[in-house]
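Okay, structure first, notes after.
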Amino acid sequence: MLDLEPYRHCELCPRRCGVDRVAGQHGFCGEGAELRIASIGAHFGEEPPFVGQSGSGTVFLTGCSCGCFFCQNYQLSAEHMGETLSVAEAVQRIRLLADTGISNLNLVTPDHFWPHLREILRQLRDAGCDLPVIWNSSGYSRVEMLREQAKEIDIFLPDFKYALPELARLCMGREDYPAVAREGIRELVDCKGFLRPFDETGELAASRGVLVRHLVLPGEVENSLAVLDQLYEDHGPMLPISVMRQFRPMPECLQRNRFTRLVTDEEYNRVVNHVRELGFTRVFIQPDCGDENFVPDFRHAGEPFKGNAKRKV
Ligand code: SF4
C-alpha cells in the first residue's frame, strides 16, 4: 500500500524542507505527492555493465532535490517536464518494458519520490519481476534514507559532484554537498560493497554494489582532483568509478556566463592522469565529449535520446 505519510512533513532529502506535499505544498525539489515521470524506456547511454543487449530500463523522475544550475537534465529538474502517473500505471508500463529484455530497472534522480518507488518495487516483485534495481542519484541523499533504500535496491550509482564546498554553494546553493555525499557513499559501500561483477566489456551484467560517477566540469579540474583524492582516501583504488566528460552548457550556463564551453582534452587528461596516479583500476573513462545523440530532449518523452532509437533498430 502506498504510504504518503513521508510527504506530509517532507524530509526525504538533506534539504529537509518540512513542507506538506500532500496538502499541495512544494519544497525545493518542486514536486508534490503525485508521482511524475518524464520518460520510461530502454536506454543505451549508460556504462556497459548496465546496458547489455537490450538496454537499461530507465525511469526518469521529474524534479530534483539537488538542482544544479548546469543540470544536464534541466528539463526535468528546472522545467519539471513529465506526466502524472498512478502507481498502477507506472507498474504496468515498467512491466511492458521488462518484457523487452532490459538488463535492469534504472531509477534516475529518484530520492524525492521514494515512497512511490518503494511501492512500485513491491508490486513489481509481487508480479515476479526480478530485475536488478539501480538507484541512479545525485549523491545528495540523507544517510538514513540510503539505509532504508539499501534494503530494496541492488545497485547504487551515486554522483560525487563536488568535493569543494564553495563550488557546491555556487552550483546548488548548499555547501554541505561534499560532506553529505561522502558520508552517503561510505554508507552505501558498507551496505552493498563495490559493483560486481565488474566487466568493462558489458558482457557480464552488473547485479549488485556501488559505482561512483563524477562529471568533470569545464574550468573545475581542481574539484575533480579533490573528488578523486577523497574517494581514494575513503575506499582505496578498487572502488569502481566512472569519470564522465559529456558536460554540455545548458541554457542557465549561458545566462550566468558560467560553464559555457565543453571540457578540453587537457582538462580531462589531467583528471584521468590523477586516476592513474592514485591507482584506480575499475574505471570508465570517456575519451571524448560523448555522443550528441545521447543528449536528452524530454519534449520527446517516448524517446528522449536519438541514440537509443538507433540502437533499437
Ligand atoms: S524531497 Fe523535496 S520537498 Fe522533500 S525535503 Fe527534499 S527538496 Fe524538500
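Points worth noting:
- The lone exception for Met250 - which of (1) without any contact (Cβ under 8 Å) to a residue 24 or more places away in the chain; (2) touching a Cys at 6+ places or on another chain (Cβ under 8 Å); (3) aliphatic (A, V, I, L, M) it fails: (1)
Listed here are the residues, each with its yes/no results for (1) farther than 19 Å from Ser77 by Cα; (2) out of contact with any Cys (no Cβ under 7 Å at 6 or more places or on another chain); (3) surrounded by fewer than 19 Cβ atoms within 10 Å (Cβ to Cβ); (4) in contact (Cβ under 8 Å) with a residue 60 or more places away in the chain.
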| residue | (1), (2), (3), (4) |
| --- | --- |
| Leu215 | no, yes, no, yes |
| Val221 | yes, yes, no, no |
| Tyr232 | yes, yes, yes, no |
| Leu239 | yes, yes, no, no |
| Val243 | yes, yes, no, no |
| Tyr268 | yes, yes, no, no |
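- Options Thr58, Thr84; residue that is under 30 Å from Arg282 (Cβ atoms), more than 13 Å from the ligand (Cβ to nearest atom), among the hydroxyl-bearing types (Ser, Thr, Tyr) and out of contact with any Pro (no Cβ under 8 Å at 6 or more places or on another chain): Thr58
- Residue satisfying condition, being of a type in the set (D, E, K, R) and buried (at least 19 other Cβ atoms within 10 Å of the Cβ), within set Asp111, Asp99: Asp111
- Residue, farthest from the chain's Cα centre (by Cα), within region 20-76, restricted to residues that are among the aliphatic types (A, V, I, L, M) and part of a loop (DSSP other than H, G, I, E, B): Ala23
- Applying the set (1) within 13 Å of the ligand (Cβ to nearest atom); (2) at pLDDT below 95; (3) not hydrophobic (A, V, I, L, M, F, W, C) to Gly45 leaves exactly one unmet item: (1).
- When each of Gly30, Gly45, Gly82 is tested for being open to solvent by 10 Å² or more (accessible area, probe 1.4 Å), under 22 Å from Asp176 (Cβ atoms) and of a type in the set (Gly, Ala, Ser), the lone residue that passes is Gly30.
The values are calculated or read from the model by the stated rules, or taken from the named source; none is laboratory data. Remember, it's a predicted structure, so these values are computed and weren't measured experimentally. Every residue, glycine as well, gets a Cβ built from its backbone with ideal geometry; the counts of neighbours run over all protein chains shown. Accessible surface areas use protein heavy atoms only, side chains included; no ligands, DNA or RNA. Shrake-Rupley method; radii C 1.70, N 1.55, O 1.52, S 1.80 Å.
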